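Trainee: This is the structure I want to talk about, given as C-alpha cells.
Please treat every number below as a calculation from the coordinates, not as lab data. Here the structure is a predicted model, which means the values were calculated and not measured. Neighbour counts are summed over all protein chains in view; Cβ atoms, including those assigned to glycine, are modelled from backbone coordinates with ideal geometry.
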Amino acid sequence: MRALRFDGTQPVLDPAAREPVLSPGDALIRPTTVGICSTDLEICRGGTNFVGTLGHEFVGICEEVHLPPDAPASLVRRAQAVKGKRVVGAINIVCGHCDLCRTGLSTHCRHRTVLGVAGRDGCFADRFTLPVMNLHPVPDSVDDARATFAEPLASAAHAAGMLRLQGKTYVTVLGDGKLGLLCAQVMARHNPSVRLLGKHPAKYGLCDRWGIKHRHINEVGRLQDQDVVVDCTGSASGLALAMQLVRPRGKIILKSTISPLPIPPGAPVPGANHPAWATPVNLAPIVINELELIGSRCGPIPDALALLERNEVQVDQLITARYPLAKGVEALTAARSGHIKVLITI
C-alpha cells in the first residue's frame, strides 16, 4: 500500500506502507480524492510533533466496517448508511466518555486523536480507517472534487455560526487562501457588508464572481471600525492587523494557527523549540480596547454537505492544481508556491 508520510524531517512516498488495521467501530475507506491543507504544510515544516501518514481532507468509498457484537443501534444504522457509499468525515476521533464528550464538547475530547494531524495516520494513502460514526454519505449531486471541501467548509460554517452576522454588523475577512475565501462566501450569505482583504489579486479577485467586496490589504485604513474581523492569514502580522481594524469591544475570530517565521529554501527544518518558531504578537490592544479574541476550529460536516448540495458556496474555482498520489511530494511542494487548493487523486 502506498502512503504519503512525514518521516520527521521531510515528506516521503512510502510504496510499501503498513496496511491499516480495523478496530471495533472502525470503517476501512478507499480515498478517491484528497485535498492538501495548510496544516499538512505546517507538519512538513516541522511545526508539530506529528510523524505518520498525512492528510485529513478526503472523499472516498467506505469499503468495510467492523462492528462489535454488542454494537448499539445508532452505530448499526450509521454503518448501513455509509457502507459501500462515497463518504467524507469528521477528523476528530473521540472517546465519547470523558467530561468534555459528555457535555457536548467532543471535538475537544481530552483523549482525542486527529486524522493525519495528531496520533492517527491520515488519508493520503490507498486505504485508511476512521470510526464509522465520523462518516457521512455524500449526496449524488456533489462530485468528488467538491466533496473534498467538506471539512474546511464545515470549519468556515462553524465560524459563521459563532457570530451574529445579521443587521448592521461590519465584517472583514483577512486572508485570500482557501479558508478565507470559504469564510467570506459563507458569511456573505448572511451579511452583504462582508469584505475580504488579501495580498494576491488572482485570489481575492475571485470575489468578483460571487459579488463579495474585496480589496488589497494595503488599500484600507486602520480606522478600528469593524465589528468583527476573521483572521485566516495564519500569521502574526494578520493578527496584528486584525487588532488595528476591529472597533473597541469588537470580536476577532482566529481561524488558523500562527505559522513560524519563513525558513529559507534548502535550509534544514528547525526543531519545535527553535527560536524560528517564535512569533511574538503585541496583545496589549486586546486589553486596551477590550477586544474578544475567539478561536475557531472544526465544524459539523452535515452543514457543509448541505451548502455544497444546494450549490450555495462555490469551490470549483479554488482548485488550482491536481496531482496523482505517485507525485504526492511534488504536490506538497506546489501547494507551498501560491496555489489556492491542490488536490491529489488516489
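Trainee: Which residues in the range 114-146 have a backbone N closer than 14 Å to a point placed 7 Å from the Cα of R77 along the Cα-to-Cβ line?
Mentor: It comes to 133, nothing else.
Trainee: Find the Rg to Rh ratio for the chain, where Rh is the Kirkwood radius over alpha-carbon pairs and Rg uses the same atoms. Don't skip to the end; give the middle numbers.
Mentor: Values: Rg = 20.1 Å, Rh = 20.9 Å.
Ratio of gyration radius to Kirkwood radius for the chain: 0.96.
Trainee: Calculate the spin-label point distance for D99 paired with T345, positioning each point 7 Å from the Cα along the beta-carbon direction, and give it in nanometres.
Mentor: 5.0
Trainee: Between S23 and A240, what FRET efficiency follows from the Cβ-Cβ distance if R0 is 41 Å, with the result rounded to 0.05?
Mentor: Taking R0 as 41 Å, the efficiency between S23 and A240 is 0.40.
Trainee: Between beta-carbons, use under 11 Å as the cut-off and find the net charge around L22, counting Lys and Arg +1, Asp and Glu -1.
Mentor: -3
Trainee: Kindly write out, for the range 223-239 in residue order, the coupling ³J(HN,Hα) from the Karplus curve 6.51 cos²θ - 1.76 cosθ + 1.60 (θ = phi - 60°), rounded to whole Hz, with x marking Gly and Pro.
Mentor: 8, 6, 10, 8, 6, 9, 10, 9, 8, 10, 7, x, 9, 5, 5, x, 5
Trainee: How high is the relative contact order of the chain, in percent, counting Cα pairs under 8 Å that sit 6 or more residues apart?
Mentor: The normalised contact order for the chain reaches 18 percent.
Trainee: Using 0.36 nm per residue, how much length does the chain from K168 to A202 gain when fully extended, once their Cα-Cα distance is taken away?
Mentor: This chain segment gains 9.3 nm when fully extended.
Trainee: Give me the distance in nm between label points sitting 7 Å out from Cα along the Cα-to-Cβ direction at S106 and E330, one decimal.
Mentor: Here the answer is 4.1 nm between the modelled labels.
Trainee: On a 21 Å Cα-Cα criterion, which of the cross-link pairs K168/K341; K199/K255; K168/K255 come out too long?
Mentor: Where the Cα-Cα span goes over 21 Å, the pairs concerned are K168/K341; K168/K255.
Trainee: Residue by residue through the range 316-329, which ³J(HN,Hα) values in whole Hz follow from phi under the Karplus form 6.51 cos²θ - 1.76 cosθ + 1.60 (θ = phi - 60°), with glycine and proline marked x?
Mentor: Along the range 316-329, the couplings run 4, 5, 7, 7, 10, 6, 9, 9, x, 4, 4, 10, x, 5 Hz.
Trainee: In nm, give the distance between the simple-model label positions of T32 and R189, each being 7 Å from the Cα along the Cα-to-Cβ direction.
Mentor: Distance between label points: 2.4 nm.
Trainee: Can you list residues whose amide H is under 5 Å from D26's amide H, if they're 5+ apart or on another chain and H is modeled 1.01 Å from N?
Mentor: Amide H neighbours of D26: H66, V132.
Trainee: Taking θ = phi - 60°, what integer Hz values does the Karplus form 6.51 cos²θ - 1.76 cosθ + 1.60 yield along the range 18-35, in sequence order, with x for Gly and Pro?
Mentor: Those phi angles translate into 5, 5, x, 10, 7, 8, x, x, 8, 10, 9, 10, 9, x, 10, 9, 10, x Hz.
Trainee: Along the principal axes of its C-alpha atoms, what lengths does the range 95-219 span, in descending order and rounded to whole Å?
Mentor: Its Cα atoms span 48, 36, 30 Å along the three principal axes.
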